[in-house]
1. List the relative contact order of chain A as a percent without decimals, with contacts defined as Cα pairs under 8 Å and 6+ residues apart.
2. When only alpha-carbon atoms count, how far does the stretch A:98-137 stretch along each of its three principal axes, as whole angstroms with the largest first?
3. log₁₀ I(q)/I(0) of the stretch C:194-255 at q = 0.23, 0.26 Å⁻¹, via Debye over equal Cα point scatterers, no solvent, to two decimals?
4. Using helices alone, I'd like the mean residue ellipticity at 222 nm for chain B: each DSSP H run of four-plus residues gives -39500 (n - 2.57), total over residue count, nearest 500.
5. Can you run the Rg to Rh ratio on the stretch D:15-59? Use alpha carbon positions and the Kirkwood inverse-distance Rh.
6. For peptide D:234-242, compute the average count of partner chain beta-carbon atoms within 10 Å of each residue's beta-carbon.
7. What number, in nm² with one decimal, is the all-direction average of the projected area of the convex hull of the alpha-carbon atoms of the stretch B:246-346?
8. Using a Gaussian network model on chain B with a 10 Å cutoff between Cα atoms, which of B:330, B:292, B:262 fluctuates the most?
C-alpha cells in the first residue's frame, strides 16, 4: 500500500515543527509538503537542524496532499482551510478556528467574525477519548487546545457520572513553549526563568472551549467554570489541577470513595490508549515528548472535594500528537500508529 | 547603643543560611553565634563561601545571645527552644513546633507528642500583618510556614470582611528550595527540572496552620479549606492562587466590584510595609530575594468567584526575612530594618 | 525471524532507564530481563511510570539473554560481566571497566585493581565512528564515556590528519543527568540550578580515556591533553569546545582554510550515520533525546587555532543510544535500527 | 553632608534597572533622574514593580546630576555622553563606547566611526582592581564588559608576573541576561532553556577589549588570545575558564607550584575588596546578586598549564555593581559603599 501524502501549513511554529518530527516516524504517511511564512524557500534544516533527515523545502503554497494539518494562528488558519475543505481535502486544524460551535463566540473571544459558520457544525472536536467515531468519519477536525485537552480529560468521567456540583475550579500550570515561537517580553528567557505568574484573569480564550465541552458532558445543569492558567519556568508540559464539590451521596466516604472514583475513571478510559489513569499524583515529566495524558482523581482530606489532576506534553497530546491521533482515525490507521515512543525521562 | 547579639540554631539549612545573609546587613544586631549539626567546628565560609564576610565558626552549642532564631526541623526545634525560653531568652522559631494552638494536632500532623503544650498558648503566630502588637510583646514567636504566609495574606482581607462563602480552594506553586537542603530524589536536579507535580494530596502539614489562622479571621462560620501545593522547577518563590465564591450581595457587579475589592485590600494592608497590594497579576520574580509579599485580588470573568493571588520569596517573607521582621518588633527596632533591599530582577 | 532477547543489568540508573526506553521501540530485539539493586521485585512502572508499556519486573538476577547491557557503576560492573563473557554472552558495558587498555590505570583513576586484565585486550572501545568493524566482531564492547564520545568525535579528523600541534585543551559543559541518579548535594536542585562550575580539576576520570583514544589517532607524537568538565543547569546535553594550535602550513589561510577543514571533517564522517558535521555552531538542543552528535570545526579569528565543537545528548549518544548502536553492529542489524527518532525541539 | 545626585540614562535595560536597584541602598547618593526610550513618561514601577520604592518617573532627558551612568547601547551611548563630559559632568559609561583606546577599532568591531577619539585617551578603563587611582581622578570612566571583567581578573596576576606563554584560551559560560532585554529568538525561553551553544566564533566584540587590557599587563611579548563565549540556561552569572602554558621554570612542580600560584594571586588581590581568591573551584551561585568576583588559579594534572577560573554576576560586577564601585572612587566614597550585600544563595 502506498503511503498517504500529508502536508503542514505553517511548519515553523512549535506545533508545526513538532508535527514534522512525529510524522517522520509514521509508517503509513509521508510528509510531502510544508509551508511557512517568513522562511519560504529555505530548506527545513536551515531553520531546524534537528529535522535534517526530512529533506524538505519550505514552500509558500501547500502541494497536493491527502490530508493537511494547519498550524496557522487563529483567523489565518480558517482562510487556508476553507478552500481545502471545499476541495475535498481532509484537514486537522490545530488553531481554534473550528473548535467553538457557536459562531457568535468568535468576535468575543478571538476578535474576528467567523468566515464559515456552516463549517462549525460540520467540524468535529478532535478529542478522540470523547469523539472517536465522529472523528473517524470527519473531513474537518478541530484539534483541541492544550489546556482544554488536560482539563476535559481530568474532569470528563466525574461530570459524565454526575458526581460533582456545577462549580468547577481549573488551575493549570503550563511550560512556556505553549506561548509559541513568536517573540514577546513575557517569554524572554531572563523574564520567564525563575518566575511563576497567573494570566488570563480577564478570561482566557480556552475558557469557552472548556466550558462548551464540559457542558456537553453534564447531564443536568449548566456548569460554572473558573479557569486560571499559570506560566511556569519549563519548556514543555501542562499540569491541570481541577477542583469541584462532590455531589451529596454520590461517593462513599473515606478510602472506599477514592477507590470508587478510581474505578470510575479506569472504566471511562478503558481502551483509550492515550489516557492513562495513574496510581499517584502525576508528573508532567512522565509524559515529556509523548502523546500520553496521565490522569489522577482523588478526594481531598476533608472528604468533600474532587481533585482531578492531569499531566501532558502541551506540544504532543496538547497539539501535534493529538493531531496525528486524529489523522490516524480519519485515515483508518491504528489510533496509536507513529505515536508509540515513550516519554523521555529524566 | 550597642548592638543586640543574636544567634542561629542550625545555620546550615536554607532558612538558617538566609538568616545569616540578611542579618549581616542589619545595623542594630550582631550575629555572634551559629550552630550546626554535621558541620560543627568548621568555618562558616568553608560550607558557604558567599558568607565569608561573616567570619564565624559553626558551634555545637549556642553562645550567649539576646535573641535566638531556631532553624532546626520540627520536633528537634522545640527541644532546643524550651530551655532558652525558660531561661528568659527571646526566640523566633522557624519550625512548626509552636504554630498550632491545639497540642493534639502535633501527633496527627507531625508525628510527635508536643513536649510543652503550655508554651503553645504563650507563643505568638509570627505574621506581623495580623499580630504586630502581640509579636512586639512576645518572648516566643512561631514564624509561619512559607505556604501559610502566602495563603493567609491572600485571603485575610476577604475573610475578615465576610466577603466569601466558607469553601476555599488554595492552589500553591512553590520553588524547590522550599523542600530544604536535605537530599531526596524528588528534588534531585534531573528529577525536578522540567517537571511539575502536585503533592500533599493526603493532607499537607501546612493545612492545619492555614485553617487555624483563616478561621480566626472568619466572623461567622467554620471554613472548609482545600490546600494543594505544587513543586515547580525554580529555586525560590511561591505563587498562591486562592479561589472562593463571593457571598451574595457583598460585592458590586462588574468593574465596580473589582474596584471595591481592591480598595478593601489596600485598606487592610495600609501601613503594612511588606504586604503590597499590586495592580496586576503578581510575579514571584518581583519579590526575589526580598521580604515583600505582592497581593492581587480580583473577580473571575463569571463574576461569582474571588481570585486572590499572592507572590513571595519562600526563604525571605516565607522564612528568614519574616523572622527578622518579627525580631525587629520584639526588639523594638523599626519593622523594616535590615530588610530594605529591593528584589533582584531579572 | 524471532527477536533477539536482551537484558539490562541495573536498569534503575539514568543510563539503564534510557536503554529501556529506546529498546522498547527496537524492532528486532525484545527486552526480556532487567535487574536492579534496591528495587528488586517491583514492577518497572512503579519506579518509572513512563515505562508502563514495558510490563517488566525488576529482578535480582539477569534471565537468559542473547546480549546483556551492564549499566552498573564501575568496579561492580566487571563483577557482573566477567561470568557472562566466559559463558559466551555478548555484552555491552556502559561502565568504565573495560575502556582503558592499560590495567595499571584502574588503581590510579578508579581505585580498584582490575579483576580481568586479559579481557581489556579483548574488549573493543565502542565508538562505532572509529571501530565499526571491530565492534561487529566483538563479544565484549566497552561503551565510551559521555565526555570522551564528544571530545573524540570533535577532534578525531584533525588529529588523524596531523593538522594540529600536540597541546590540546578540551572544555566541556554538561547537563546534570550526567552525574547520575545517586543523591548528592552538588546535584540537589537548589544547588545546581542557576549555577555553573568547573570540576575534576585534579584530573577527571575521563581524561585517561580521552588521551588513550586520541593518541591512537595521532600519527607522530604523544598528545598533551587538558580536559576540564563543567556542570551547567540543564538536564541533558554535553557541549565540548576543543582548542589546539594548527600545525604550520597544514591549512590555508582565511576562509579557504575553514573550507578545507570542513571538507576534511565531512570526508571523515561520511557514512557515519550518527556523526553529523554541521554548518554552524551546534546546539545541544538539536540532539535532545536522539543519538546524533553534531560536530563543527572552525578556525579562530586569529587564524592559528582549531576550534572543534561537538554537541550530543549525554544519555543517548553519550550512553544508552551508543550502546544500542554497538548492539546493532554486534547482532548484525542495521546500525541505525531503533535509533531513528529525531531530536525533540524545543 | 548632602547626598550626591546621580542619574541613569536608559534605565530600562537590565544594566539600568540593576543600577537603580543597587543605588536605592547607597547611603551617599540619591537617584534623582532616569531616562528611557519607549517608556518615557511612565512611572518606574509600572514597568518594574520591584522598584516601586524608588518613586521615579522615566524621563526623556536627564535632569541635573553630579554623576551620570549611561546604560545606552553602543554608538547611542557616546552621543549622550559627549555633551555631558564637555559640560563637566562625571560619567560612567556602561557601553563599549570608550573602552578601546584605538579609535580605528570601532569601525571594525562595532560598525561606527568614533565621534570623539580625543575622549578615548581621557577615558579610564573602569576596572578598579587595575586602575583604582586613575579612576578616582577621572571624569569619564568606561565600565568594562562583563566577559572582559572575568577574563582579565582571572589572568592578570599570572600575566603581570610573566608566568605564562603568550597563547591564551579563554572559554566563558554566560547566563542569558547578558544578552540584554531586547527580544531575540536565541534568548526566547523555549529556545534557550535546556541548551548550550558557543557563539561569536567569527570574533566576539569583547575580544579586542580583553586583548588590549591583557597586553597592557604583559611584560615581554604580544599575547595571542582566543576568546569563545557560550550561552547557558540560567539568568545570571559568568564563569570563565582560562588556559595557558606555564612558562618554563617559573613555577615549581607539583603541589608546591599550586601553592606559589595561589600566593601570587592572593598578593595581587590583597586590598581589592571585590576580587576574592578562593580555595576551590568557584561557583557563579556564590556571587549571585553581589559585586564579588571569585578567582581560582590552579595547574592542570599534567603540570604544564595554568587554569585560571573566575565567577561573577554579569549584571553586578559585570555591569551595574562595578559602575557603582567606579562611582564610589570618582566621588571619593569608600569603594565598597552600597555594595556590601552578600550573594543570594541558593
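What follows draws every value from the coordinates through simple rules; no lab data is involved. As the structure is a computational prediction, the values presented were derived from the model and not from experiment. We place every Cβ from the backbone using ideal geometry, glycine too, and count neighbours over all the protein chains shown.
1. 18
2. Here the Cα extents, ordered largest to smallest, are 31, 17, 10 Å.
3. Here the Debye-derived log intensity ratios amount to -1.08, -1.21.
4. Helices in chain B give a 222 nm mean residue ellipticity of -8500 deg cm²/dmol.
5. 0.93
6. That average works out to 6.
7. Projected area, direction-averaged: 7.3 nm².
8. B:262
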